[in-house]
């Protein structure tokens, strides 16, 4: 559900960027006042895990479409809403800058659509409601399914609203929304299953993490070794190997666009859209999660040449992208937490 710049107007992009910056600033303020330093490594590793997971598109049977994990619910459940939102912002920034996934003008929209609704609505008002009497496998499953579906439905509807307010007549509101909501309902069910599986793993390894995160308490002296090790291994395996098995079908957004406008991408207008596209083409050293050389070779192939899809798509470029992207996301998320921690310590010294 990563929006390209062509889907939105500069005005909508600017407003959504301002909203995202505002939520991020509020999150930083909340974390700065009550930072749990034990969460910093977990924040980095979870960011890397979600980055790797988002590379795997799974097919939606009978539709010709695919979906991928959003990850906002997982981040909110394991880190808390504020840390989760900042981790999602880090993931999407790495994807946009270095992999060309999601537009720079649309960055605020993407963070808001994937991070705000899950971290600040679905998590506190839905997930916590269903687990308020305690955490067990049955409650984790039910809460994860319902909150993931609703969070993704709100994000999908937000995409439709953003294109509508941007004046994209190629995507009429009624038709677009009637395609976006059902396909993302199916994607949300899969996301709920994955969320429940990962949360259950953490609960079995260290149930205190979920209990204290839900109550807003510090993790204290909880040993994180088993959880962090498990997630790091998952990052390498998912990003480096499982990414080969990603579906080649268009994702839910592209699928909905094709059935609404007859094409999976809209043409980028001149002006700021073109400028940001040129900037992104220079910063993206692994465009579309592959080597630049491979991308140019594919572009030079005749348009009428029939190519046979090979699955799994074993690719060194994909593996490198998964591992490098995971490392970059882990680094950025960890640095964000460390900087916030340093600012908090400096503030305490001044008060003392």
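The values are calculated or read from the model by the stated rules, or taken from the named source; none is laboratory data. On a predicted model such as this, the values are computed, not experimentally measured, just so you know. Note that each Cβ is placed from the backbone with ideal geometry, even for glycine, and that neighbours are counted across all protein chains shown.
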Item to check | Hey, residue 325 at pLDDT below 90, over 16 Å from residue 246 (Cα atoms) and part of a helix (DSSP H, G or I) or not | outcome: no
Checklist entry - Being under 30 Å from residue 61 (Cα atoms), crowded, with 22+ Cβ neighbours inside 10 Å and in contact with a strand residue (DSSP E or B) (Cβ under 9 Å, 6 or more places away or on another chain), is that true of even one residue in the stretch 121-143? => result no
Checklist outcome for this item: Restricting attention to the stretch 280-313, the residues that are modelled with pLDDT of 55 or more and surrounded by fewer than 12 Cβ atoms within 10 Å (Cβ to Cβ) number exactly 6
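From the set of residues in the stretch 250-277 that are under 23 Å from the mean Cα position of the chain (by Cα) and more than 18 Å from residue 181 (Cα to Cα), which is surrounded by the most Cβ atoms within 10 Å (Cβ to Cβ)?
273
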Item to check | Selection from the stretch 101-156 of residues that are under 17 Å from the mean Cα position of the chain (by Cα) and assigned to a loop (DSSP other than H, G, I, E, B) | outcome: 101, 102, 103, 104, 105, 106
Next on the checklist: Can you say whether residue 186 is in contact (Cβ under 8 Å) with a residue 12 or more places away in the chain, under 14 Å from residue 140 (Cα atoms) and surrounded by 14 or more Cβ atoms within 10 Å (Cβ to Cβ), as far as the supplied structure shows?
Outcome noted: no
Checklist entry - Applying the selection to the stretch 71-100, what residues are more than 18 Å from residue 25 (Cβ to Cβ) and not in a helix (DSSP H, G or I)? => result 71, 100
Next on the checklist: Being over 24 Å from residue 160 (Cα atoms), buried (at least 22 other Cβ atoms within 10 Å of the Cβ) and in contact with a helix residue (DSSP H, G or I) (Cβ under 6 Å, 6 or more places away or on another chain) narrows it down to one residue among 79, 42; which is it?
Outcome noted: 79
Item to check | Residue that is farther than 28 Å from residue 81 by Cβ, touching a helix residue (DSSP H, G or I) at 6+ places or on another chain (Cβ under 8 Å) and modelled with pLDDT of 95 or more, where the choices are 244, 255 | outcome: 255
Next on the checklist: For the stretch 222-263, give me each residue that is touching a strand residue (DSSP E or B) at 6+ places or on another chain (Cβ under 9 Å) and not in a helix (DSSP H, G or I).
Outcome noted: 246, 247, 248, 249, 250, 251
